[in-house]
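A short write-up of the structure that comes next.
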């Protein structure tokens, strides 16, 4: 008998269970991405509605989820999320959660959705996420908090990892720039973005110089 290592459901492996959970989460998660972005763009300590040091079992579950989502962090995961250091989950409006260690925000998620690294963390470990690249013309819009439109990804200056599915966290790169300028959450797959080529392709969750970027330390 197998057990899903994430939700502890029996008789199903993690990947099979993940598909079921992702399908159930998809509609509810989508409702909160825009609200999450609005909070992060103007984020200050006043947005915090509560925080608590999680118990060991919850800390293990968070670590396991992050390890599964970002296997490239495995060599440094113990340094980022030390088992013996308190792990704080900071609660914000609209079901936004921040994962904080030693007063430094490292990851965020909405409800039980996937964890996304802060841009500061992504800049330290730039290859842990799938990457989408916008063309030069889209840069100023992304840095003002706008969502990423399909044409900005399909133009000659844009690029996508073609294997990315809908509802996936991605690093938003820019033509001619070295570092990610935003963290995105895909509204459709890369293939659908290319074939549709109109409308919003990726929700802009967190971008350079937004509130979360400026909140380098909590407290």
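The values are calculated or read from the model by the stated rules, or taken from the named source; none is laboratory data. None of the values given here were measured: they were computed from a predicted structure. Reconstructed Cβ throughout: ideal geometry from the backbone, glycine too, with neighbour counts over all protein chains shown.
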Next on the checklist: Can you tell me which of (1) crowded, with 20+ Cβ neighbours inside 10 Å; (2) touching a residue at least 40 places away in the same chain (Cβ under 8 Å); (3) in contact with a helix residue (DSSP H, G or I) (Cβ under 8 Å, 6 or more places away or on another chain) is the one residue 198 doesn't meet?
Outcome noted: (1)
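Here is a yes/no grid of residues against (1) closer than 21 Å to residue 124 by Cβ; (2) free of Cβ contacts under 8 Å to residues at least 60 places away in the same chain; (3) loosely packed, with under 11 Cβ neighbours inside 10 Å:
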position: 53; (1), (2), (3): no, yes, no
position: 76; (1), (2), (3): yes, yes, no
position: 82; (1), (2), (3): yes, yes, no
position: 95; (1), (2), (3): no, no, no
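Is it true that residue 180 is part of a strand (DSSP E or B), closer than 23 Å to residue 74 by Cβ, in contact with a strand residue (DSSP E or B) (Cβ under 7 Å, 6 or more places away or on another chain) and at pLDDT 95 or above?
It is false that residue 180 is part of a strand (DSSP E or B), closer than 23 Å to residue 74 by Cβ, in contact with a strand residue (DSSP E or B) (Cβ under 7 Å, 6 or more places away or on another chain) and at pLDDT 95 or above.
Conditions tested, residue by residue: (1) part of a loop (DSSP other than H, G, I, E, B); (2) crowded, with 18+ Cβ neighbours inside 10 Å; (3) in contact with a helix residue (DSSP H, G or I) (Cβ under 6 Å, 6 or more places away or on another chain).
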{"residue": "141", "(1), (2), (3)": "no, no, no"}
{"residue": "152", "(1), (2), (3)": "no, yes, yes"}
{"residue": "157", "(1), (2), (3)": "yes, no, yes"}
{"residue": "164", "(1), (2), (3)": "yes, yes, yes"}
Next on the checklist: Just checking: which of the helices (runs of 4 or more DSSP H) contained wholly in segment 1-111 hold 3 or more residues that are touching a strand residue (DSSP E or B) at 6+ places or on another chain (Cβ under 9 Å) and at pLDDT 50 or above?
Outcome noted: 14-41, 56-69
Next on the checklist: Considering only segment 115-132, I want to know if a residue exists there that is in contact with a strand residue (DSSP E or B) (Cβ under 6 Å, 6 or more places away or on another chain), closer than 17 Å to residue 215 by Cβ and part of a strand (DSSP E or B).
Outcome noted: yes
Checklist outcome for this item: Those residues of segment 166-177 which are buried (at least 17 other Cβ atoms within 10 Å of the Cβ) and part of a loop (DSSP other than H, G, I, E, B) amount to 166, 167, 168, 175
Item to check | Single residue of segment 112-135 satisfying the filter (at pLDDT 95 or above and more than 17 Å from residue 73 (Cα to Cα)) that is surrounded by the fewest Cβ atoms within 10 Å (Cβ to Cβ) | outcome: 135
